[in-house]
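Here's the structure, in structure tokens; my notes come after.
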Amino acid sequence: MPVQDAHTTILGLFRVAGDGYVSGAQISRALGVSRTAVWKKIEGLRLLGYGIEAVPSKGYRLQDTPDVLLPAEVASDLGTKHIGREVVYFAETDSTNLRAHELGKAGAAEGTVVLANSQTAGKGRLGRQWCSPAGVNLYASVLVRPPVAPRYASQLTFLSAAAVARTVAGTGKLPVTVKWPNDVLIGGRKVAGLLNELDAETERIHYLVLGIGVNLNMTADQFPNDLRYPATSVLLASGHRVSRLDFTRCLLRNLDSLYGLYLARGFGPVLEAWQEYFDLTGRTVEVDYQDRRVTGVVAGLDGDGALLLKLADGTRERVLAGDVRPLE
Ligand code: BT5
């Protein structure tokens, strides 16, 4: 049995036992290996950071679970239909999006998730960088193969933003909003960034990589000084640490249910879910295009998710891409 499967089996027995002990005999039966081999597997889990007490007459008891994102732990009993059936984990990598592209080109299944403990070259949009310190945040890339034309790829940005916003909101009573069209904010500060990348031919998407970075337990001194927007983490905003494992599992479930809706009923329900966190309707915003800037009042969104602005001269403008900033 591969080491990871053995670890999953043992952790499963601990989960069932709760605060109680699991005997060496029980584990050896479940794994089909000798008691000495059981001891080695327990040592392996200890090396990963699990605190396991061993009492000769009783067996083993789990005292402490590290906040690591082992694929087996992330994927076990996830109950999802599309997302997270395959989970790949790196202690360190340059960018989970680059790893996901490799997997996508090699034919990896839809729903494959790449996770990293840290990134040495985390990517933002337009060549910018995403600060990715080890052990505190979530860095994930999710591979999907939606059966839609490439021109609809931006709909998936709303999908991942809605899933992230829902998951962050689920960690506590936090003022979570989405910034059009991506970025998730708490109290106006950026807590998550999204980078979706497409591999397609004219009429067909090969795959999309949904890149998701969420600041979970990052402390103030871990942020770079020259941020484009004010930023925060769930810890800074709420005062509470979040389990990266629990958050990741919850996010994958939220992504899965929205993706299921998207496949069954199209973009409508996804945009609706996203709009629960959109608070700019009726507000005056400034939109920065590459070459010009306009100011207007947000009238709402159209069915494609484009931002509808009413300008001072009474004309309307439909914004498909640009940097949007509320003015008041
Ligand atoms: C984004 O870009 O917001 C997309 C970030 C996507 C990151 C994920 S992590 C997993 C996956 N793998 C990757 O390699 N990337 C994805 P953008 O809107 O361009 O914002 C980038 C800007 O945000 C930077 O120029 C900084 O000013 C700021 N920034 C950098 N790190 C940050 C952080 N951890 N939290 C908040 N702001 C940050």
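Counting only C-alpha contacts under 8 Å and six or more residues apart, can you give the relative contact order of the stretch 1-54 as a whole percent?
Values: 24 pairs, mean separation 16.6, N = 54.
Relative contact order, the stretch 1-54: 31 percent.
Sticking with the crude label model, points 7 Å out along Cα→Cβ, report the distance from Arg189 to Ala121 in nm, one decimal please.
Distance between label points: 3.1 nm.
Under 10 Å from the Cβ of Ile27, count the other residues' Cβ atoms, weight Lys and Arg +1, Asp and Glu -1, and hand me the total.
So the surrounding residues net to +3.
Helix check for the chain. Which DSSP H runs span at least 15 Å along their own axis by Cα, with a mean Kyte-Doolittle hydropathy no less than -0.5? Spell out each step's value before the answer.
Values: long enough: 3-17 (21 Å, 0.69); 35-47 (18 Å, -0.32); 155-169 (21 Å, 1.17); 244-265 (31 Å, 0.03).
Helices meeting the span and hydropathy rule in the chain are 3-17, 35-47, 155-169, 244-265.
State in Å² the accessible area per residue of the chain; use a 1.4 Å probe, count heavy atoms of protein chains only, and round to the nearest integer. Intermediate results must be reported in sequence, preceding the final value.
On the way: 15400 Å² over 328 residues.
Accessible surface, normalised per residue, equals 47 Å².
Taking a cut-off of 16 Å between Cα atoms, list the lysines near Lys190, but don't count ones fewer than 8 places away on the same chain.
Lys123, Lys179
Find the relative contact order for the chain and round it to a whole percent, using C-alpha pairs within less than 8 Å whose residues are 6+ positions apart. Don't skip to the end; give the middle numbers.
Working: 617 pairs, mean separation 42.1, N = 328.
Relative contact order for the chain comes out at 13 percent.
Separation between the Glu286 and Met1 pseudo-spin-labels, each 7 Å from Cα along Cα→Cβ, expressed in nm?
It is 6.1 nm.
Express in % the proportion of alpha carbon pairs of the chain at distances exceeding 24 Å. Walk me through the numbers on the way to the answer.
On the way: 31315 of 53628 pairs.
Cα-Cα pairs of the chain separated by over 24 Å account for 58 percent.
State whether the stretch 169-328 is rounded, prolate or oblate according to the following rule on the C-alpha gyration tensor (a ≥ b ≥ c being the square roots of its eigenvalues): a/c under 1.5 gives rounded; otherwise a/b larger than b/c gives prolate, and the remaining case gives oblate. Before the final figure, lay out the partial values.
Numbers: a/c = 1.71, a/b = 1.18, b/c = 1.44.
It is oblate, given that a/c is not under 1.5 and a/b is not larger than b/c.
Springs between alpha-carbon atoms under 10 Å, Gaussian network over the chain: tell me which of Val297, Val136, Val178 tops the mean-square fluctuations.
Its mean-square fluctuation being the largest, the pick is Val297.
Once R0 is set to 30 Å, what does the formula 1/(1 + (r/R0)^6) return for the Cβ-Cβ distance between Ala299 and Arg204, expressed as a FRET efficiency to the nearest 0.05? Please report the intermediate quantities before stating the final value.
Numbers: r = 34 Å, r/R0 = 1.14.
Between Ala299 and Arg204 the formula returns 0.30.
Hey, what number do you get for the chain at 222 nm if only DSSP H runs of n ≥ 4 count, each worth -39500 (n - 2.57), divided across all residues, to the nearest 500?
Working: 9 runs with 101 residues, N = 328.
Value at 222 nm, helices only, nearest 500: -9500 deg cm²/dmol.
In nanometres, what is the gap between the two model label sites at Gln129 and Ala30, each 7 Å from Cα along Cα-to-Cβ?
My value for the distance between the label points is 4.4 nm.
So which lysines can Lys41 reach, going by Cα to Cα under 23 Å and dropping same-chain residues fewer than 8 places off?
Within the straight-line limit of under 23 Å, Lys41 reaches these lysines: Lys58.
With no solvent and one point on each alpha carbon, what is the Debye value of log10 I(q)/I(0) for the stretch 273-328 at q = 0.12, 0.17, 0.23, 0.29 Å⁻¹?
Values returned for q = 0.12, 0.17, 0.23, 0.29 Å⁻¹ are -0.24, -0.49, -0.90, -1.35.
With every protein chain present, what accessible area does His206 have (1.4 Å probe, heavy atoms only), rounded to the nearest 10 Å²?
60 Å²
If you add up the charges near Gly187, with Lys and Arg at +1 and Asp and Glu at -1, over every other residue whose beta carbon is less than 13 angstrom from its beta carbon, what do you get?
Overall, the nearby charge balance is +3.
Over the stretch 183-328, what is the relative contact order in percent, taking alpha-carbon pairs closer than 8 angstrom and at least six residues apart?
On the way: 197 pairs, mean separation 19.0, N = 146.
Over the stretch 183-328, the number comes to 13 percent.
Within a Cβ distance under 10 Å of Val136, other residues only, what is the Lys/Arg minus Asp/Glu net charge?
Values: positive: Arg241, Arg244; negative: Asp67.
Here the charged neighbours net out to +1.
Please work out how much accessible surface Ser257 shows to a 1.4 Å probe, ignoring ligands, DNA and RNA, in Å² rounded to 10.
Ignoring ligands and nucleic acids, Ser257 comes out at about 60 Å².
Assign one of three labels to the stretch 68-213, namely rounded, prolate or oblate, based on the Cα gyration tensor with a ≥ b ≥ c the square roots of its eigenvalues; rounded applies when a/c is under 1.5, prolate when it is not and a/b is larger than b/c, and oblate otherwise.
Numbers: a/c = 1.37, a/b = 1.15, b/c = 1.19.
The shape class here is rounded.
Go from 0 up to the bin containing the longest alpha carbon distance in the stretch 23-102, width 10 Å each, and give me the % of pairs per bin.
Over the stretch 23-102, the share of Cα pairs per 10 Å bin runs 15, 34, 32, 15, 3, 0 percent.
What is the percent carbon and sulfur in the accessible area of the chain, measuring with a 1.4 Å probe over the protein chains and ignoring ligands?
Values: 7910 of 15400 Å².
So the carbon and sulfur contribution to the accessible surface is 51 percent.
The values are calculated or read from the model by the stated rules, or taken from the named source; none is laboratory data. Source: prediction; values computed, not measured. Ideal geometry is used to build each Cβ from the backbone, glycine not excepted, and the neighbour counts take in all protein chains shown. SASA here: full protein model, heavy atoms, side chains in, ligands and nucleic acids out. Shrake-Rupley method; radii C 1.70, N 1.55, O 1.52, S 1.80 Å.
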